[in-house]
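Please read the structure below before turning to the comments.
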Amino acid sequence: MHLKHLFGSTAVFQTLLLLAVPTSAQDVPGQSIEDDWAPTPFTDFTDNILFYPEANAVNWHTLYARTLQLPDESLLITWENYPLEPPLVNHPIWKSDDGGSTWYNYSQIEDQVNGWGMRFQPFLYSLPVDFGGYAAGTILAAGVSSPFSLEGGVWIELYASTDLAQTWEFVSHVAYGAGPETTANGDKALWEPFILLYNGQITVFYSDQTDPAHSQKLVHKTTDDLQTWSDAVADVAFARQADRPGMTTVAHIESTDKWILTFEYCGSGSCRVHYKVADSPLVFDAAEAIELHTNDSSVATGTSGPYVIWTPHPDRDDGSGLIIVSASNRDWVFVGEDNADPEGWKMVDTGHWSAYSRSLRVVTIKGQKKLLYGNGGNFGPGDMNSVACAVLPIPS
Ligand SMILES: *[C@@H]1O[C@H](CO)[C@@H](O)[C@H](O)[C@H]1NC(C)=O
Ligand SMILES: *[C@@H]1O[C@H](CO)[C@@H](O)[C@H](O)[C@H]1NC(C)=O
């Protein structure tokens, strides 16, 4: 996480849309509060706003959306939500039964142990196997709990739902920082958990400010039972103390059995999106950090909040696939082949709004593979933010 405001053209566009209400509502897809526009169920669409924060919401109002698909093809979305407190903030879970067209308030992940609220960076993960006393299909949710004052400590928490996200129970504390929970160099903050099953262990990746040798570094912890966590192991840590790699996401390149980690490289790296490729998601520390840029004459880069996925290629059935990376400053996505060649990235237009840490997930809509985009807003002024999604063909 970094505090540079992002005033991309998309954010400005969103503001214009909000100002245009209600006279041009017919022309303006996405205004799902002021009008009742919603895409036709189970179709492809962009820019579908599903939640507007209250006008008196605080901070960024909404931010950082994460999604999940349930076995019946319904979709879940969660985000950082900042209504006026009290009551304590939580991570809302909204659900769609019609391919992302309409959404409803389904449940929420509340802080059950700290009395602080679930404040930052939710993440959802469906357990693919029985693990730690939980059956396959259990939904794990990680998130950052800290007080409204941001003083007094911070936990990365793990919650679980055994009833497909209707109810949630606390599982364990993953990591602790003494706070304050700010991005100031020297503050013992934690951010941005990302969950992965690898080699019989659950791994949680996150951003760590607790090591004085690094303003921020990226680390992971592993567990065999969801209760006891290993010491933190570095994934990305630069020699220059002020450097701030942030916002880990990881994907498995199945065809090569390699792993890719994308991150924003703030500090010396100007928050540009970088990546590492390794033989296992546990050994990224030794891998080279590569700046992501397109291989055409524009040499376009991405800034902040990357999200990486790997997917089987939509047009081939030889086992090869594509690596897709979203960056906060771009509507377009970066697409590369399985070798993650530094000179093998192109950009593909999505036609969908950018967002700070816009999430990507391959989902199945009526049996067809699609790419679900989750937007929580652009990290600028809160009154420009809302939660939105798109469902589109997999770009290639
Ligand atoms: C969802 O509904 C619950 C129960 O009515 C409510 O407390 C909560 O604020 C709602 N969440 C959002 C994000 O509106
Ligand atoms: C650029 O990358 C794309 C996507 O991997 C690839 O199809 C194309 O051949 C590359 N172009 C050059 C000049 O290497």
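Considering all C-alpha pairs of the stretch 220-265, those separated by over 18 Å amount to 50%. Exceedance of the 31 Å cut-off in Cα-Cα distance is limited, within the set Lys188/Lys276; Lys276/Lys366; Lys346/Lys370; Lys95/Lys276; Lys258/Lys370, to Lys276/Lys366; Lys95/Lys276. Think of each Lys and Arg Cβ as +1 and each Asp and Glu Cβ as -1; about the Cα centre, that makes the dipole of the chain roughly 520 debye.
Estimated from helices alone, the mean residue ellipticity of the chain at 222 nm is -1000 deg cm²/dmol (sum of -39500 (n - 2.57) over DSSP H runs with n ≥ 4, per residue). A Gaussian network model of the chain, with springs between Cα atoms under 10 Å, assigns the largest mean-square fluctuation among Ser270, Ser326, Ser304 to Ser270.
Diffusion of the stretch 155-287 by Stokes-Einstein, at 20 °C in a medium of 1.002 mPa s and with Rh set to the Kirkwood radius over alpha-carbon pairs, works out to 139 µm²/s.
Given springs between every Cα pair under 10 Å in a Gaussian network model of the chain, which of Ser320, Ser328, Ser354 has the largest fluctuation? Looking only at Ser320, Ser328, Ser354, the largest GNM fluctuation is found for Ser320. Quick note on the stretch 243-349: its Rg to Rh ratio, both from C-alpha atoms and Rh being the Kirkwood radius, is 0.95. Binned at 20 Å from 0, what are the whole-percent values of the Cα-Cα distance distribution for the chain, short to long? Distribution as computed: 29, 63, 8 percent.
Note on the chain: GNM, Cα springs under 10 Å; of Ser101, Ser74, Ser149, the largest mean-square fluctuation is that of Ser149. Plainly put, the stretch 321-378 has a radius of gyration that is 0.99 times its Kirkwood radius, both from alpha-carbon atoms, as the Rg/Rh ratio. Taking all Cα pairs closer than 8 Å and separated by 6 or more residues, the relative contact order of the stretch 142-283 comes to 14 percent.
A short reminder: the numbers here are calculations on the coordinates, not readings from a lab. Everything numeric here is computed off the predicted structure, so don't read it as measured data. All Cβ positions, even for glycine, are placed from backbone atoms using ideal geometry, and neighbour counts span all protein chains on display.
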